[in-house]
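Visitor: Here you go, one structure.
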Amino acid sequence: WFQEPLSAIWARVDANGQIINVVTAHLGLGPRERELQVQALLSSEWLGDIIEREPILLCGDFNALPGSRPYRMAAAKLRDVQMANPAHRPLGTFSSMQPLVRLDHIFTTKHFATMKVTVVRNDLTRVASDHLPLMADLQVGPSSADTSTTTRQKSPEHTEPAQPVGTG
């Protein structure tokens with residue numbers, strides 16, 4: 001495969017006094033390359049030192065199927081929003097003409113509750129890219145203890161008001 005450097009953008013967003021780390025990434029096409037890129041994102045040079053303390057959204061084109069090593073590495077530290085609600089059936093994002101597989105992902109820390117997940121399908125999204133946009137409605141609130149999404153789990157219940165955050 002053609003080797004690409006890790007492509008990621010990190011923004012720290014102030015949402016009513018709550019700092020949220022938003023990282024978007026476009027991982028490479030080679031399996032080993034994607035594994036190294038996820039390893040880098042989860043390292044202390046990127047998100048590793050703040051995963052437990054600060055709200056993080058890690059999203060983008062991972063070019064990685066659920067069950068692949070890069071996906072499992074991310075899901076071991078973060079929550080896959082499509083797996084956060086047992087009633088939600090995971091939605092494909094690739095290809096835009098016939099979205100049968102999940103290559104695009106949104107991962108969050110324990111600081112978020114997933115309210116809704118959709119894949120945006122319309123005339124524009126089908127021609128804008130070979131991937132469809134994945135969108136999640138999230139709430140920032142008190143964290144829960146378990147961050148793993150290797151098995152489906154319910155979103156945490158919130159006892160205090162939470163701030164809505166939309167991604168797309």
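The values are calculated or read from the model by the stated rules, or taken from the named source; none is laboratory data. Source: prediction; values computed, not measured. With ideal geometry, Cβ positions are generated from the backbone for all residues, glycine too; neighbour counts draw on all protein chains shown. We work out accessible area using only protein heavy atoms, side chains counted, and drop any ligands, DNA or RNA first. Shrake-Rupley method; radii C 1.70, N 1.55, O 1.52, S 1.80 Å.
Visitor: Among the residues of the stretch 96-129, count how many are more than 24 Å from residue 42 (Cα to Cα), modelled with pLDDT of 80 or more and surrounded by 16 or more Cβ atoms within 10 Å (Cβ to Cβ).
Guide: Within the stretch 96-129, residues that are more than 24 Å from residue 42 (Cα to Cα), modelled with pLDDT of 80 or more and surrounded by 16 or more Cβ atoms within 10 Å (Cβ to Cβ) number 3.
Visitor: Would you list the strands (runs of 3 or more DSSP E) that sit entirely within the stretch 1-95 and hold 2 or more residues that are open to solvent by 40 Å² or more (accessible area, probe 1.4 Å)?
Guide: Counting at least 2 such residues, we get 7-15, 18-26.
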